[in-house]
Structures are given as C-alpha cells and as structure tokens.
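*Asks:* Quick one: the structure is below, and I'll ask about it shortly.
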Amino acid sequence: MNPSFLALRRGGLLALNLFVAFTLVACSTGDGDASEPAGGRATVSGGAVEITAADLAFPVTTIQATAGAAFTITLVNNDSVPHNISIYTEEGGELLAEGTVINGGETVELRVEALDAGEYHFMCDLHPDDMNGTLVVEG
Ligand SMILES: [Cu+2]
C-alpha cells in the first residue's frame, strides 16, 4: 500500500469521527430542548425572582432563596394555556403558598413567606407532572 493512500484513509476516518461527534452533540441538545426541562436555575435577588412558563414547562427547575426572608415569585405565562406556580413542603406535601392561575400572556406575583433552610417543591397545580422543580432555601 502506498503512503498517500493511507493518509487519505486516515483523513476520511477523522472526518467521519468528527461528523459522528457533532451529530451526537446536536441530538442531545435537541432532545433537551424538546422533551426535558432545561434544568435552569433562578436565584432570588432583592426579594424577587421571575419564572416563565412556556410549552407546558418551566425552563427553571431550581429556585434558590435565602432562609428567613420572604420573597416574591413573578410568574410570566408565555404559553397558550393557563398555569400557576405553588410552593409545597415537598412533592405531595403540605401547601405553603398557592399561586393564582393565569391565562397565557398574563403575569402574576406570588408572595412566599420566610422559610427555614431546606428543600421545598414548586409546581404548576394544573400540570404537576410536567411543570415542577425544587425550591432550595439556604441559610
Ligand atoms: Cu401549568
């Protein structure tokens, strides 16, 4: 086999590997956007945090707050169906703050009284399986 032929083969394999790697990255990114929560994090700042609802999902799945300080969650409904956001002690637990259900295009505020450090559950009461996350309160 002559050397230039080998070089050509290697080049071809490298290009194929790059193509496969790129395709895998593109696919996993696409799946994340389409079917799973993006896993975003929002931190309460100045006593307030904003959460958007879109495509039957909360892009934010972790809200971070400070123990002992009340705060406000602003829910922006960018969807075509109604949503709310409520806080529970845990999944299936006791209701701590019940959010008003709003239609698409509307915005509402939910006041959450001061909480002890710990992990709490937030969800849309209309779509609890698709729209939920963890409220992390740190002291
Ligand atoms: Cu909902």
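The values are calculated or read from the model by the stated rules, or taken from the named source; none is laboratory data. Everything numeric here is computed off the predicted structure, so don't read it as measured data. Backbone-built Cβ (ideal geometry, glycine too); neighbour counts: all protein chains shown. Keep in mind that these areas ignore ligands, DNA and RNA; they rest on the heavy atoms of the full protein, side chains included. Shrake-Rupley method; radii C 1.70, N 1.55, O 1.52, S 1.80 Å.
*Asks:* Round to the nearest 0.05 the FRET efficiency obtained for ASP116 and LEU56 when R0 = 22 Å and r is the Cβ-Cβ distance.
*Replies:* Working: r = 31 Å, r/R0 = 1.43.
According to the calculation, E is roughly 0.10.
*Asks:* Still on this structure: Taking θ = phi - 60°, what integer Hz values does the Karplus form 6.51 cos²θ - 1.76 cosθ + 1.60 yield along region 57-68, in sequence order, with x for Gly and Pro?
*Replies:* 8, 9, x, 8, 10, 9, 10, 10, 9, 9, 4, x
*Asks:* So, one more: Please compute the modelled spin-label separation between VAL136 and THR43, points set 7 Å along Cα→Cβ, answer in nm with one decimal.
*Replies:* Label at THR43, label at VAL136, 1.1 nm between them.
*Asks:* Kindly provide log₁₀ I(q)/I(0) values, in the same order as q = 0.21 Å⁻¹, from the Debye equation applied to equal alpha-carbon scatterers of region 52-139.
*Replies:* Values, matching the q order: -0.94.
*Asks:* Sticking with this one: Enumerate the calculated ³J(HN,Hα) couplings along region 75-84 in order (Karplus 6.51 cos²θ - 1.76 cosθ + 1.60, θ = phi - 60°), each rounded to whole Hz, writing x wherever the residue is Gly or Pro.
*Replies:* Ordered by residue, 3J(HN,Hα) equals 9, 9, 9, 9, 9, 9, 10, x, 8, 9 Hz.
*Asks:* Give the calculated FRET efficiency between ALA69 and ASP125 to the nearest 0.05, with a Förster radius of 35 Å applied to their Cβ-Cβ distance.
*Replies:* Working: r = 25 Å, r/R0 = 0.70.
With a Förster radius of 35 Å, E is 0.90.
*Asks:* Which of the peptides 79-87, 95-103, 130-138 is most tightly packed, and how do the rest follow, judged by the mean count of other Cβ atoms within 10 Å per residue? Intermediate results must be reported in sequence, preceding the final value.
*Replies:* Details: 79-87: 19.9, 95-103: 15.1, 130-138: 17.7.
Sorting 79-87, 95-103, 130-138 by mean packing, highest first, produces 79-87, 130-138, 95-103.
*Asks:* Let me ask something else. Taking 0.36 nm per intervening residue step and subtracting the Cα-Cα distance, what contour gain separates GLU98 from ASN78 on full extension?
*Replies:* Working: separation 20, 0.36 × 20 = 7.20 nm, distance 1.97 nm.
Working it through step by step, the gained length comes to 5.2 nm.
*Asks:* To continue, here is another question. Mind checking the per residue accessible area of region 82-125 for me, 1.4 Å probe, whole number of Å²? Please report the intermediate quantities before stating the final value.
*Replies:* Working: 2420 Å² over 44 residues.
About 55 Å² of surface per residue is accessible.
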